[in-house]
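Student: If you scroll down you'll find the structure; I have some questions about it.
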Amino acid sequence: MVTVVRDDLPGLLATRASLRAQTLAAYDWFVADGGSTDGTARWLACHGGEAVWWRSSPDRGLYDAMNTALDAITERASSCGPPCSHVLFLNAGDRLADSQVLERLLPILTASPAAGLFYGDSLEELPGGCLVVKPARSHRRALLGMFTHHQAMVYRLTALSSVRFDLRHTLAADYAFTLTVLKQGDPAHRLPLSVCIFSPGGRSQRDPARGRREQADIRRELLGLGSAANATLRVLQWLALTVRQTIPWLYAKYRFSPNERSFLS
């Protein structure tokens, strides 16, 4: 379990509470703090024993911190046991969907040792606190963009031996990261569960235009997609965002799971 944080102690504590609530504590927690000044670093120094690895120092941003944590996981896996087998990125403020996520997840991971990627649904918190299920799309539609939230993806560690986040991309490096894993050819499995509660208000939501530009660059570099097709996809992404912002009930009807939405509300 990888958590990156900078100046968000309440978010880190929310993530920590989610992990501590799990009915099966089958995880190692790696925490990369980007040199926080809000008390996060002090808290980690006092509670560092809860993580198998943590560090607090300036970095070049979210994805640089994730790379640092991945390097630490790889080093630990090669030097001492038992080794980590899979990686889930749960940023500060994000939470697991319920207390049984890891208990349900572990046998699925064990049953498919060759899979490079597992992915499931996400819960999104709407204004007012209502939780709705955002179903994952098929990974076969990755051309369209991220097919679920990054926090709902579990990667096999050995599939990441030569994969790191590309720091040229400040908002969509997780998309390039996931496409690179898929291009390696290992199976990808759809999980029959919601994995995370996504914390809204992140950088990609604050600057969606930049995110679309970065995704277009990534599709061109990794998938060889031409300019016309890329432009069409960017327009479709813009339309989807516009519908969500201006006609939220219509977006919810087609993007959120109706049955689980009514159950959760």
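The values are calculated or read from the model by the stated rules, or taken from the named source; none is laboratory data. As the structure is a computational prediction, the values presented were derived from the model and not from experiment. So basically every Cβ, Gly included, is an ideal-geometry build from the backbone, and we count neighbours across all protein chains shown. Note: accessible area is taken over every heavy atom of the protein model, side chains too, but ligands, DNA and RNA are not part of it. Shrake-Rupley method; radii C 1.70, N 1.55, O 1.52, S 1.80 Å.
Student: Expressed as a whole percentage, what fraction of the accessible surface of region 122-236 belongs to carbon and sulfur atoms when a 1.4 Å probe is rolled over the protein heavy atoms? Provide the component values of the computation, followed by the final result.
Tutor: Values: 2790 of 5200 Å².
Here it works out to 54 percent.
Student: For region 41-93, go through all pairs of different Cα atoms, get the mean of 1/r, take its inverse, and jot down that Kirkwood value in Å.
Tutor: Details: mean 1/r = 0.0804 Å⁻¹.
For region 41-93, the Kirkwood estimate is 12.4 Å.
Student: Where the Cα atoms of region 129-230 are projected onto their three principal axes, how long is each span, largest first, in whole Å?
Tutor: Each principal axis gives a Cα extent; for region 129-230 these are 39, 33, 24 Å.
Student: State, as an integer percentage, the relative contact order of the chain based on alpha-carbon contacts under 8 Å between residues 6 or more apart.
Tutor: Numbers: 425 pairs, mean separation 53.1, N = 265.
Here the relative contact order equals 20 percent.
Student: If you take the beta carbon distance between R140 and R213 as r and set R0 to 25 Å, what does 1/(1 + (r/R0)^6) give as a FRET efficiency, to the nearest 0.05?
Tutor: Working: r = 24 Å, r/R0 = 0.96.
Here the calculated transfer efficiency is 0.55.
Student: Between the helical axis of 173-183 and the dominant principal axis of the chain, each derived from Cα atoms, what acute angle in degrees is found, rounded to the nearest 10?
Tutor: In the chain, helix 173-183 runs at an angle near 90 degrees to the longest axis.
Student: Indicate, rounded to the nearest 5 percent, the antiparallel portion of the DSSP beta bridges found entirely in the chain. Mind dumping the intermediate values first?
Tutor: Values: 12 of 28 bridges.
So the antiparallel bridges amount to about 45 percent of the total.
Student: In the chain, with Lys and Arg counted as +1 and Asp and Glu as -1 at Cβ, which of these residues, A216, A21, A173, has the Cα nearest the positive end of the dipole, that is, farthest along it?
Tutor: Positive-most Cα among the choices belongs to A216.
Student: About the Cα centre of the chain, how large is the charge dipole given +1 on each Lys and Arg Cβ and -1 on each Asp and Glu Cβ? Please answer in debye to the nearest 20.
Tutor: Numbers: 30 positive and 24 negative charges, 187 e Å.
Using only the charged Cβ atoms, the result is roughly 900 debye.
Student: Follow-up. Would you mind calculating the gained length between T23 and L222 on full extension (0.36 nm times residue separation, minus the Cα-Cα distance), in nm to one decimal?
Tutor: Values: separation 199, 0.36 × 199 = 71.64 nm, distance 3.95 nm.
Length gained, T23 through L222: 67.7 nm.
Student: Helix 208-223: angle to the longest alpha-carbon principal axis of the chain, degrees 0 to 90, nearest 10?
Tutor: Helix 208-223 and the main axis of the chain meet at about 90 degrees.
Student: Can you give me the relative contact order of region 1-148 as a percent, contacts being Cα pairs under 8 Å and 6 or more apart?
Tutor: On the way: 203 pairs, mean separation 41.6, N = 148.
This gives 28 percent for region 1-148.
Student: For the pair A231/R164, report the inter-label distance in nm, with labels modelled 7 Å from Cα in the Cβ direction.
Tutor: 3.7 nm
Student: Would you mind working out the accessible area per residue for the chain, using a 1.4 Å probe, and quoting it in Å²? Write out the running numbers ahead of the final one.
Tutor: Values: 12670 Å² over 265 residues.
That works out to 48 Å² for each residue.
Student: Another question about this same structure. For the chain, modelled as a GNM with alpha-carbon contacts under 10 angstrom, which of D217, D38, D64 fluctuates the most?
Tutor: Among D217, D38, D64, the largest GNM mean-square fluctuation belongs to D38.
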